[in-house]
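One structure follows; several queries about it will come next.
The values are calculated or read from the model by the stated rules, or taken from the named source; none is laboratory data. In this text, all values refer to a predicted model and were calculated from it rather than measured experimentally. Here the Cβ positions follow ideal geometry from the backbone for every residue, glycine too, while neighbour counts run over all protein chains shown.
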Amino acid sequence: MYRRTLFLVAVASVATGLVGLWSHAQVNNDHLLITGVTDAKVTLQQGLIAAAKQGRPISGKFEVEDGKLQLSIYTAKDGKFSEVIVDHTTGNVAKSESITEGEDLAEAKSQNAAMEKAKTDLKAAVEKSAAATSGSRAISVTPALKDGHAIASVILLAGQQMQTVEQPLE
């Protein structure tokens with residue numbers, strides 16, 4: 001009985017330590033994201049325009065990948081999906097990779113289904129959301145179907161605070 005209790009205490013201690021490390025990493029990524037988006041010369045809207053040369057944008061976001069800020073736009077063209085990385089300092093397409101499997105493909109299919117019902121593009125949804133919250137910058141835009149209607153969830157950054165705004169795409 002004593003061994004089991006000791007074992008459970010040890011497991012709980014390790015788990016608590018791992019949660020603490022994950023929490024610290026998440027806070028660090030959030031800080032890098034906020035700082036990076038604030039300093040970026042290119043807006044999410046400009047990234048959507050640049051990526052449109054590769055296909056119809058179906059989502060977009062600034063994210064921290066390997067400790068560095070990147071602007072990632074998912075596009076759809078002829079039934080195929082790509083992740084387009086737009087240079088956040090120049091606005092040029094840095095690279096484009098096909099999305100062919102896993103969670104990324106499932107997300108792209110879901111986002112594409114929402115965009116097929118949309119009458120408004122993502123850039124317009126982002127601009128409308130940002131205009132409603134003065135002084136904010138868009139971090140991401142993700143379409144979805146809600147009660148059969150296309151909506152866009154736009155995450156805005158105002159100062160150090162993030163907020164999510166839903167915008168109809170119909």
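Just the residues that are at pLDDT 95 or above, out of contact with any helix residue (DSSP H, G or I) (no Cβ under 6 Å at 6 or more places or on another chain) and under 26 Å from T35 (Cβ atoms), please, taken from region 67-87.
Across region 67-87, the qualifying residues are Q70, S72, E83, I85, D87.
If you take the residues of region 100-151 that are touching a Ser or Thr at 6+ places or on another chain (Cβ under 6 Å) and assigned to a helix (DSSP H, G or I), which of them is farthest from Q167 (Cα to Cα)?
Filtering region 100-151 down to residues touching a Ser or Thr at 6+ places or on another chain (Cβ under 6 Å) leaves 111, 130, 142.
After this cut, where a residue has to be assigned to a helix (DSSP H, G or I) as well, the list is 111, 130.
Working: Q111: 15, A130: 11 Å.
Ranking the qualifying residues of region 100-151, first place goes to Q111.
Would you point out the residue of region 110-123, among those that are surrounded by fewer than 18 Cβ atoms within 10 Å (Cβ to Cβ) and not acidic (D, E), that is farthest from P168 (Cα to Cα)?
Result: S110.
Quick check, is E107 at pLDDT 95 or above and either buried (at least 16 other Cβ atoms within 10 Å of the Cβ) or touching a Phe, Trp or Tyr at 6+ places or on another chain (Cβ under 8 Å) (or both)? Steps first, answer last, please.
Values: at pLDDT 95 or above: yes; either buried (at least 16 other Cβ atoms within 10 Å of the Cβ) or touching a Phe, Trp or Tyr at 6+ places or on another chain (Cβ under 8 Å) (or both): yes.
Yes.
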